[in-house]
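These notes are about the structure you will find just below.
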Amino acid sequence: MIRLLISLYLVVFVSIIAINQGSELIWQHWVYQAPDDLRHAKQVAKSLQTSVINTATPDPSLNTLHVDEVAWLPEQRNQLLQGDIVTTYTEQNHALLSFLMQDKQTLVQLGPFMPVEPVVLPKYLIKLSSFLLLAVLLMFWLRPLWRDLMQLKYVTSQLAKGQLDISIAPSRFSAIANLTSQFHTMAKKVANLMSNQKHLVNAVSHELRTPLARLKFALALMHKDAPEQVTLMSEDVQEMEVLIDEMLSYARLEMAQSELQFKPFDFVELLHEQLEKLNRVTSKHIVFDCEHEQLYIVAERNYIARVLQNLLQNADKYAREHIYLAMTFEQGQVNLFVGDDGIGIVPEARDKVFEPFIRLEKSRNKTSGGFGLGLAIVKKIVTWHGGGCEIQTSQWGGAQFVVHLPAQVKT
């Protein structure tokens with residue numbers, strides 16, 4: 001902080017001194033060395049006054065008139081009587097130089113002269129140039145700092161996308177060298193943690209599935225001796241296997257954003273595929289509303305299919321008789337609606353259902369299945385695609401999940 005403050009102070013201090021000195025020299029040279037016709041005319045008039053003031057008859061070439069022929073102000077008349085040269089101006093703003101002869105009655109007028117206008121424009125140009133020069137100097141001072149900040153921003157964005165092999169080379173002359181070095185260390189630790197998590201997920205996937213497979217095989221052999229007990233144990237094993245699959249799926253999603261492959265596909269076709277799968281396992285009435293026969297969008301098809309699958313399975317679990325699925329496309333955005341006629345979700349609990357392992361005790365209990373990860377997966381995938389999720393009340397009073405996806409349409 002002290003180093004940054006001192007460097008900024010020195011840059012501003014030296015810049016102001018240099019600009020002030022340079023502006024003063026330029027101003028003096030520009031203004032005071034410029035030719036001044038009126039000033040020279042006054043010098044000539046003074047010399048002429050000295051040469052003709054004592055002559056009885058002025059030179060006929062001079063413009064003479066009686067002093068009373070001009071309406072003088074009292075101050076101007078006093079100046080004339082004292083022998084001064086008085087400057088007056090015509091209606092056209094031309095200057096006239098007047099002085100009295102020795103008799104104090106004869107007035108000699110010289111002119112008219114075009115007065116020199118004040119040098120206003122160069123003055124403002126000098127000021128503007130000074131401010132621009134100060135801005136340029138500050139820009140050169142800020143450039144290394146801005147470069148370092150942009151480098152930090154780039155590394156942060158790459159880490160957020162899952163790129164773990166990003167590194168930065170901090171310069172010891174940088175004003176934020178310590179911050180850059182600490183950020184580099186933090187980025188390496190985050191990369192190591194994400195890499196370790198990936199290896200852990202793979203190890204857990206293998207180590208847990210193997211004993212579960214052995215347990216299922218052993219239960220199958222014991223089925224003849226105690227069918228009821230084995231059936232209950234098999235259900236528990238299957239539930240554990242589903243839980244492991246959900247946990248591993250969610251863990252993989254934490255690291256899968258960098259592997260997304262956005263390709264064009266028919267979104268309406270995907271809706272029909274998921275509806276056919278649901279029709280095979282449910283007896284509930286499904287209402288499907290879609291005005292489009294085809295709609296090609298650019299997205300990650302597998303993950304969008306997972307969103308549809310989770311939402312439809314969720315609706316099937318809690319619906320009494322009806323399930324609602326609709327899709328609209330407006331202003332470059334796909335709007336997906338999945339509703340049911342179940343008990344619904346109270347407004348104060350709607351933001352919580354998208355969090356991992358959150359299950360609403362009153363409306364959604366273990367008998368209906370689920371571990372609180374399905375909607376969390378939906379939220380994460382939709383967020384990856386730059387969309388959003390919300391919960392409304394369906395036309396039957398149940399829950400209606402609305403997904404907004406800013407989709408790029410492929411024609």
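Site pair L73 and K127 shows an inter-label distance of 2.8 nm when each label is modelled 7 Å from Cα along Cα→Cβ.
Computed over region 261-409, relative contact order equals 25 percent, with contacts defined as Cα pairs under 8 Å that lie 6+ residues apart. Pairs exceeding a 28 Å alpha-carbon distance, out of K216/K352; K189/K352; K317/K352; K42/K104; K284/K379; K224/K284: K216/K352; K189/K352; K224/K284. State whether region 261-409 is rounded, prolate or oblate according to the following rule on the C-alpha gyration tensor (a ≥ b ≥ c being the square roots of its eigenvalues): a/c under 1.5 gives rounded; otherwise a/b larger than b/c gives prolate, and the remaining case gives oblate. Prolate is the answer for region 261-409, as a/c is 1.5 or above and a/b outweighs b/c. When each of the peptides 341-349, 231-239 is scored by the mean number of other C-beta atoms lying within 10 Å of its residues, the order from highest to lowest reads 341-349, 231-239.
Since every read-out is calculated from the coordinates, none of them should be taken as a lab result. As the structure is a prediction and not an experimental result, all values here were calculated from the model. Using ideal geometry, Cβ is built from the backbone for each residue, glycine included, and neighbour counts are taken over all protein chains shown.
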